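*Asks:* Encoded as structure tokens, here's the structure I'll be asking about.
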């Protein structure tokens, strides 16, 4: 049994990656979730079952929160909880895009303490522990030092830039997007992009691991209202996300309506 949670998360993420690679480009069965929640596939469910078996066998006292598991209110009484997205970016996965991810985290009393995000096809493993720094395949990460919104490279969906979402004129940014929110957060931690903004409510399983990875790379992550994120909530959603280095984060938060 792994002595620390990060080692356990990495082991489980690697197992998830092997399952995903077996299904990738093989046209796995898929269907749409009710309520316009997007697609899910047999790969999502197989990975979810494998992760739950692996992680809960090692830490039976932890709670469990996963996109693909029925929510168990018992997690609310657990001091520590696994927060997992078995396959973030299912639509990309089904379209044979490589930018899907497995996002795994442990939160203790609302704060993420260990995190792993794996993109199995390009073999990119992002990791972090609270107070221990963040890394990509073992190399330390640091967020970019872009100081202002104007000219920043921004990971955001097109509707974010609608003028109704901003105080005054929207900033002139270099906008990009990636299918997996967990991966987008890691790209901020890596310094490949300067900031991330979402205006739609975002699920904890998409945010938990990436939030710690950014924080340990020197960045700041809040909801779109500039409130701190807390995990393992009764309704496990945040009101959007802003992520960047502290200076740039402050400016984006001030300019968002």
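*Asks:* Hey, among 79, 72, which residue is without any contact (Cβ under 8 Å) to a residue 40 or more places away in the chain, within 28 Å of residue 217 (Cβ to Cβ) and out of contact with any helix residue (DSSP H, G or I) (no Cβ under 8 Å at 6 or more places or on another chain)?
*Replies:* Step by step, each of 79, 72 is checked, and only 79 is without any contact (Cβ under 8 Å) to a residue 40 or more places away in the chain, within 28 Å of residue 217 (Cβ to Cβ) and out of contact with any helix residue (DSSP H, G or I) (no Cβ under 8 Å at 6 or more places or on another chain).
*Asks:* Let me ask another. Looking only at segment 217-235, how many residues end up being under 18 Å from residue 115 (Cα atoms) and either under 13 Å from the mean Cα position of the chain (by Cα) or crowded, with 19+ Cβ neighbours inside 10 Å (or both)?
*Replies:* Number of matching residues: 8.
*Asks:* Of all residues in segment 195-208, which are touching a helix residue (DSSP H, G or I) at 6+ places or on another chain (Cβ under 6 Å) and surrounded by 21 or more Cβ atoms within 10 Å (Cβ to Cβ)?
*Replies:* 195, 196, 197, 206
*Asks:* Please enumerate the residues belonging to segment 187-209 that are part of a helix (DSSP H, G or I) and under 22 Å from residue 159 (Cα atoms).
*Replies:* Scanning segment 187-209 gives 187, 188, 204, 206, 207.
*Asks:* Go through segment 63-85 residue by residue and tally those that are in a helix (DSSP H, G or I) and buried (at least 16 other Cβ atoms within 10 Å of the Cβ).
*Replies:* The qualifying residues number 1.
*Asks:* Okay, moving on. Does residue 185 fit the bill of being within 16 Å of residue 103 (Cα to Cα), crowded, with 21+ Cβ neighbours inside 10 Å and under 14 Å from the mean Cα position of the chain (by Cα)?
*Replies:* yes
*Asks:* Just to verify a result, which residue in segment 1-26, among those that are surrounded by fewer than 11 Cβ atoms within 10 Å (Cβ to Cβ) and without any contact (Cβ under 8 Å) to a residue 12 or more places away in the chain, is nearest to residue 128 (Cα to Cα)?
*Replies:* 3
*Asks:* If you don't mind, there's one more thing I want to ask. Tell me the residue from 214, 242 that is crowded, with 17+ Cβ neighbours inside 10 Å, in a strand (DSSP E or B) and under 15 Å from the mean Cα position of the chain (by Cα), please.
*Replies:* After applying the criteria, what remains is 242.
*Asks:* Test of understanding: among 49, 92, 13, which residue is more than 19 Å from residue 117 (Cβ to Cβ), in the same structural domain as residue 114 (by TED's automatic domain parsing), outside any loop (DSSP other than H, G, I, E, B) and out of contact with any helix residue (DSSP H, G or I) (no Cβ under 8 Å at 6 or more places or on another chain)?
*Replies:* 49
*Asks:* Continuing with the same structure: Kindly list the number of the only condition in (1) surrounded by fewer than 17 Cβ atoms within 10 Å (Cβ to Cβ); (2) more than 26 Å from residue 230 (Cα to Cα); (3) touching a helix residue (DSSP H, G or I) at 6+ places or on another chain (Cβ under 9 Å) that fails for residue 131.
*Replies:* The failed condition is (2).
*Asks:* Still on this structure, please answer the following. Identify all residues within segment 99-136 that are in a loop (DSSP other than H, G, I, E, B), within 14 Å of residue 217 (Cβ to Cβ) and either in contact with a strand residue (DSSP E or B) (Cβ under 8 Å, 6 or more places away or on another chain) or assigned by TED's automatic domain parsing to the domain that holds residue 214 (or both); write none if there are none.
*Replies:* 130
*Asks:* Among residues belonging to segment 166-182 that are in contact with a helix residue (DSSP H, G or I) (Cβ under 6 Å, 6 or more places away or on another chain) and assigned to a loop (DSSP other than H, G, I, E, B), point out the one that is surrounded by the fewest Cβ atoms within 10 Å (Cβ to Cβ).
*Replies:* In this case the residue turns out to be 167.
The values are calculated or read from the model by the stated rules, or taken from the named source; none is laboratory data. Model, not experiment: these values are computed from the prediction. Methodologically, a virtual Cβ is constructed for each residue, glycine included, from the backbone with ideal geometry; neighbour enumeration extends over all protein chains shown.
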